[in-house]
1. Can you confirm whether GLY32 is farther than 22 Å from ALA107 by Cα and either hydroxyl-bearing (Ser, Thr, Tyr) or in a helix (DSSP H, G or I) (or both)?
2. Anything in segment 25-57 that is more than 16 Å from LEU76 (Cβ to Cβ) and not hydrophobic (A, V, I, L, M, F, W, C)? List them, or say none.
3. Any idea which residue in segment 1-51 is surrounded by the fewest Cβ atoms within 10 Å (Cβ to Cβ), counting only those that are farther than 15 Å from TYR88 by Cβ, more than 14 Å from the chain's Cα centre (by Cα) and in contact (Cβ under 8 Å) with a residue 40 or more places away in the chain?
4. Looking only at segment 58-111, how many residues end up being in contact (Cβ under 8 Å) with a residue 60 or more places away in the chain, polar (S, T, N, Q) and outside any helix (DSSP H, G or I)?
5. If a residue has to be of a type in the set (A, V, I, L, M, F, W, C) and surrounded by fewer than 17 Cβ atoms within 10 Å (Cβ to Cβ) to count, how many in segment 52-71 make the cut?
6. Out of the residues in segment 67-106 that are among the small types (Gly, Ala, Ser) and modelled with pLDDT under 90, which is nearest to LEU12 (Cα to Cα)?
Amino acid sequence: MSAPLIRTIVLLTLSNVFMTYAWYGHLRNLAGKPVIIAALASWGIALFEYLLQVPANRAGFTVLTLPQLKMLQEALALAVFVPFAVLYMKQPVKLDFLWAALCIMGAMYFMFRGAN
């Protein structure tokens, strides 16, 4: 595995942690606050997501096609979202998580078969 690909995976994973928290964390932490407060807090968190996502995509685009880069991002988003939903947001584990993961794995297969 090349250094740009490893850098891309690490940065996109961290980016997805910030993105997931920015998108959904306010539902738990700021539920009683006005929407503008939640939006401003989410935008502040999203800044860190972008500071990781932009260099991740630049590094990834040197070794992956654009569709491969997008599919990698989606797979990492699901890998981050499920633990966040279960552990932080206290959502029940569902068999649907497995089916969604299998669909993403199938998409990854088709996007990366015969890669480059």
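The values are calculated or read from the model by the stated rules, or taken from the named source; none is laboratory data. Note that the structure is predicted; figures quoted are calculated from it, not measured. FYI the Cβ positions are ideal-geometry reconstructions off the backbone, even for glycines, and counts take in every protein chain you see.
1. Working: farther than 22 Å from ALA107 by Cα: yes; either hydroxyl-bearing (Ser, Thr, Tyr) or in a helix (DSSP H, G or I) (or both): no.
For GLY32, the condition - farther than 22 Å from ALA107 by Cα and either hydroxyl-bearing (Ser, Thr, Tyr) or in a helix (DSSP H, G or I) (or both) - is not met.
2. GLY25, HIS26, ARG28, ASN29, GLY32, LYS33, PRO34, SER42, GLY44
3. For segment 1-51, the residue satisfying everything is SER2.
4. 0
5. So the first thing to find is which residues in segment 52-71 are of a type in the set (A, V, I, L, M, F, W, C), and the list is 52, 54, 56, 59, 61, 63-64, 66, 69, 71.
With the extra rule that they be surrounded by fewer than 17 Cβ atoms within 10 Å (Cβ to Cβ), the set shrinks to 54, 61, 66.
Of the residues in segment 52-71, 3 are of a type in the set (A, V, I, L, M, F, W, C) and surrounded by fewer than 17 Cβ atoms within 10 Å (Cβ to Cβ).
6. Once the filter is applied, the top-ranked residue is ALA101.
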